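Chemist: Starting off with a structure, shown below.
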Amino acid sequence: METVILAVVIAVVVLGALGGLIVGSRRKKSLPPPPPAAPDITAPPAEPHVGDEAETPRDEPRRTIEEVDLPDGSAPVAVEEPPAVEAPEIEIPEPTAGRLIRLRARLSRSQTALGKGLLTLLSREHLDDETWEEIEDTLLTADVGVQPTTELVDRLRERVRVLGTRTPAELRGLLREELLKLIGTDADRVVKTEPADRKPGIVMVVGVNGTGKTTTTGKLARVLVADGRTVVLGAADTFRAAAADQLQTWGERVGAHTVRGPEAGDPASVAFDAVKEGKEMGVDVVLIDTAGRLHTKTGLMDELGKVKRVVEKHAPLDEVLLVLDATTGQNGLVQARVFAEVVDITGIVLTKLDGTAKGGIVIAVQRELGVPVKLIGLGEGADDLAPFEPEAFVDALIGD
């Protein structure tokens with residue numbers, strides 16, 4: 001019995017010892033590492049606001065609302081007004097009376113070539129055949145034309161032979177008289193703008209490209225306004241982009257209304273509307289500017305005839321003015337002849353008849369067409385268009 005108890009006790013002791021060893025071994029393996037030192041906690045950077053850099057905000061001095069200067073409301077807020085479009089200033093054109101007096105200065109070169117050249121040759125003591133040939137050459141160079149030159153030389157030879165002794169004053173008077181006969185002093189050179197039975201008067205302006213046709217139409221409007229007339233302009237030159245703008249500018253300067261159509265539109269339609277509006281407005285004159293057609297283009301010349309026919313559905317044309325460049329010489333006569341076949345030319349306007357032109361073209365073109373020169377362009381100025389006066393013109397050619 002005692003042996004059994006002793007064995008039990010020994011077994012209990014052994015089991016207890018083994019249990020202690022196992023627990024000690026487990027504790028050694030599961031011991032956690034020593035806790036680390038407490039970390040330094042840093043606040044996160046502030047979120048950047050609109051307009052701020054993405055960085056930590058800096059301490060900066062700030063003003064309170066009391067320190068901020070606020071507007072007191074005493075000064076009115078200026079509101080900028082859009083610029084007003086000013087109406088063009090109406091010009092007062094120069095009166096037509098006396099404009100031709102300026103020819104004396106403008107025709108100085110022509111005077112030397114034609115007038116003074118002839119006087120110098122006629123003043124020679126002996127007028128032989130060679131001298132008369134020089135006189136013919138002088139006249140031809142001045143674009144007088146072959147037939148008028150022959151007539152003038154024949155008359156001069158006869159009168160000089162009868163006159164005998166020739167003083168400078170006698171020669172000047174003789175030459176003046178013969179030139180006036182060639183130019184003609186009895187032709188009606190008034191531009192017809194006042195029909196007796198109706199209003200308005202209708203004037204159509206025709207001519208070749210580059211003769212100054214649109215400019216002449218604008219200048220003619222100034223002449224009429226200077227004489228107290230009211231005017232409507234018809235921009236029937238729809239083939240040239242700037243023609244309508246150019247004509248409208250001329251009209252605005254003198255207060256004349258301009259009727260225009262779309263670019264490359266029907267010229268006859270524009271001309272028709274211009275006359276219609278002129279009648280409705282009760283103006284005195286309607287001026288129709290047509291396209292500058294090359295005389296070699298038959299289709300365009302036919303279109304010009306169409307414009308004339310359409311306008312005459314309102315009323316007959318009172319004037320058809322052909323604008324010619326005085327510097328083109330005999331080529332201008334060819335152009336004039338073709339235009340005369342399409343429309344009935346009633347008058348001629350010679351432009352660029354200044355110091356570089358040859359005054360004899362006046363004689364030649366009148367002889368070619370059988371219609372008078374009614375207006376002449378003296379230069380580039382707005383009022384450099386004048387009624388043609390034969391006496392003043394010849395006096396400018398031959399000098400005092």
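Chemist: What translational diffusion coefficient, in µm²/s and rounded to a whole number, does the Stokes-Einstein relation yield for segment 199-299 at 4 °C and a viscosity of 1.567 mPa s, taking the hydrodynamic radius as the Kirkwood radius over Cα pairs?
Modeler: 98
Chemist: First select every other residue whose beta carbon is under 10 angstrom from the beta carbon of LEU152; then total the charges, Lys and Arg +1, Asp and Glu -1.
Modeler: Taking every other residue near LEU152 into account, the sum is -1.
Chemist: Between LYS276 and VAL334, what is 0.36 nm times their sequence separation minus the Cα-Cα distance? Round to one decimal in nm.
Modeler: 17.5 nm
Chemist: So, in segment 221-354, how many Lys pairs have Cα atoms under 19 Å apart, if the pair is 8 or more places apart or on different chains?
Modeler: Pairs that pass both the separation and distance tests number 7.
Chemist: Sticking with this structure for a sec: From Cα pairs below 8 angstrom and at least 6 apart in sequence, can you work out the relative contact order of segment 155-261, rounded to a whole percent?
Modeler: This gives 18 percent for segment 155-261.
Chemist: Under a 5 Å amide H to amide H cut-off, with H placed in plane at 1.01 Å, what residues pair with HIS257 once short-range neighbours are removed?
Modeler: The answer is VAL231, LEU233.
Chemist: Another question about this same structure. On average, how much accessible surface per residue is there in segment 248-400, in Å², for a 1.4 Å probe, leaving out ligands, DNA and RNA?
Modeler: Using a 1.4 Å probe on heavy atoms only, each residue of segment 248-400 averages 37 Å².
Chemist: On the protein heavy atoms, probe 1.4 angstrom, tell me the percent of accessible surface of segment 128-284 carried by carbon and sulfur.
Modeler: Its accessible area is 48 percent carbon and sulfur atoms.
Chemist: If I model a spin label as a point 7 Å beyond the Cα along the Cα-Cβ vector, how far apart are those points for VAL162 and GLU177 in nm?
Modeler: According to this spin-label approximation, the distance is 0.8 nm.
Chemist: Given the Cα atoms of segment 250-400, and with Rh set as the inverse mean 1/r over their pairs in the Kirkwood sense, what is Rg to Rh to two decimals?
Modeler: In segment 250-400, Rg relative to Rh is 0.99.
Chemist: For a quick protection proxy, order the peptides 147-160, 386-399 by their average other-Cβ count within 10 Å, most packed first.
Modeler: Highest-to-lowest ranking by the protection proxy: 386-399, 147-160.
The values are calculated or read from the model by the stated rules, or taken from the named source; none is laboratory data. Everything numeric in this text was worked out from a predicted model, so none of it was measured. Note that each Cβ is placed from the backbone with ideal geometry, even for glycine, and that neighbours are counted across all protein chains shown. Ligands, DNA and RNA are stripped out before the accessible areas are found, and what is left, the full protein with its side chains, is counted by its heavy atoms. Shrake-Rupley method; radii C 1.70, N 1.55, O 1.52, S 1.80 Å.
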